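K.L.:
First the structure, then my questions, so here it is.
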Amino acid sequence: MERLRTMMGVDQWLVLGGSWGSTLALAYAQAHRDRVSALVLRGIFTVRKQEIDWYYQHGASRIYPDKWEHFVAPIPQGERGDMVAAYRRILTGDDRAQQIAAARAWSLWEGETIRLLPDPALSAAHDADDFALAFARIENHYFVHGGWMEDGQLIRDAGLLRDIPGVIVQGRYDMACPAETAWDLHRAWPEARFEMVEGAGHAYNEPGILDALIRATDGFAAQD
């Protein structure tokens, strides 16, 4: 991101990110505070083990038991104690058919649980072979390695953002990135404005989420 900013000749910029994008935005802003004019974050994800465990091991499975059955189906019973590691074995293996089946299960789990209400078009997009394989491999690779960060690092270092104007937008019923993480960030960075969107899940285009993001960016633009 810093290389891109330099290439574009931008002195400072507003950084907006949701989900994994919020991870990147936080890591970037903590490393390059003087280059960030403001932060707008949505569906906060900081790659803590507890966050990955919630979504891929236990937690969300209790809300979506029917969809969880499809997620665990490619994994042998004896390997289900560590779903991320088990998926890694298959996604990096030599059996193409197993790779595709596992990738579709991984991708569809997310596609069917990130919105409060079902979206058949979103599910279909996540179920496409090429998309699913790339999506699952990239996500799984980063999660296996904890994003190459210390566990809890982004929350721990949130005090570095104290002088950066910020807005945190969080869906109350976000199953992929539960509100607990956004609240932990808010407590560590109380200077940021926190907006909990009732009746919304994780997706950026759900009612209330998109409106909050537009209001936040418009508000910062009006200050320039």
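The values are calculated or read from the model by the stated rules, or taken from the named source; none is laboratory data. Because the structure is a prediction, the values reported are computed rather than measured. Quick reminder, even Gly has a Cβ in these numbers, built from the backbone with ideal geometry, and neighbours come from all protein chains shown.
K.L.:
Scan Ile168, Ile164 and give me the residue that is within 14 Å of Ile44 (Cα to Cα), touching a helix residue (DSSP H, G or I) at 6+ places or on another chain (Cβ under 8 Å) and either crowded, with 18+ Cβ neighbours inside 10 Å or in the same structural domain as Pro118 (by TED's automatic domain parsing) (or both).
P.N.:
After ruling out the rest, the residue left standing is Ile168.
K.L.:
Oh, and also: Restricting to segment 77-93, what's the tally of residues that are surrounded by fewer than 11 Cβ atoms within 10 Å (Cβ to Cβ) and closer than 17 Å to Ser61 by Cα?
P.N.:
Of the residues in that region, 2 qualify.
K.L.:
Condition test on Asp66, is it surrounded by 13 or more Cβ atoms within 10 Å (Cβ to Cβ), free of Cβ contacts under 8 Å to residues at least 40 places away in the same chain and not aliphatic (A, V, I, L, M)?
P.N.:
So Asp66 does not fit the description; no.
K.L.:
With Ala97, Ala73, Ala121 as the choices, which residue is in contact (Cβ under 8 Å) with a residue 12 or more places away in the chain and either over 22 Å from Ser22 (Cβ atoms) or not charged (D, E, K, R) (or both)?
P.N.:
Ala73
K.L.:
Can you tell me which residues in segment 16-61 are hydroxyl-bearing (Ser, Thr, Tyr) and assigned to a loop (DSSP other than H, G, I, E, B)?
P.N.:
Answer for segment 16-61, where residues must be hydroxyl-bearing (Ser, Thr, Tyr) and assigned to a loop (DSSP other than H, G, I, E, B): just Thr46.
K.L.:
Residue pairs, Cβ under 6 Å, 6 or more apart or interchain, first in segment 41-61 and over 15 Å from Asp82 (Cβ atoms) and of a type in the set (A, V, I, L, M), second part of a strand (DSSP E or B) and at pLDDT below 95. List them.
P.N.:
Within 6 Å, no pair qualifies.
K.L.:
I'd like the full set of residues that are over 14 Å from Glu69 (Cβ atoms) and in contact with a Phe, Trp or Tyr (Cβ under 9 Å, 6 or more places away or on another chain), limited to segment 90-105.
P.N.:
Leu91, Ala102, Ala103
K.L.:
Here are Ala27, Ala73: which of them is under 24 Å from Trp148 (Cβ atoms) and at pLDDT 95 or above?
P.N.:
Just one listed residue meets the conditions, Ala27.
K.L.:
Further question: I'd like to check which helices (runs of 4 or more DSSP H) are fully inside segment 137-224 and have at least 1 residues that are more than 17 Å from Leu24 (Cα to Cα).
P.N.:
Once the helices (runs of 4 or more DSSP H) in segment 137-224 are filtered for at least 1 residues that are more than 17 Å from Leu24 (Cα to Cα), what remains is 179-188, 209-223.
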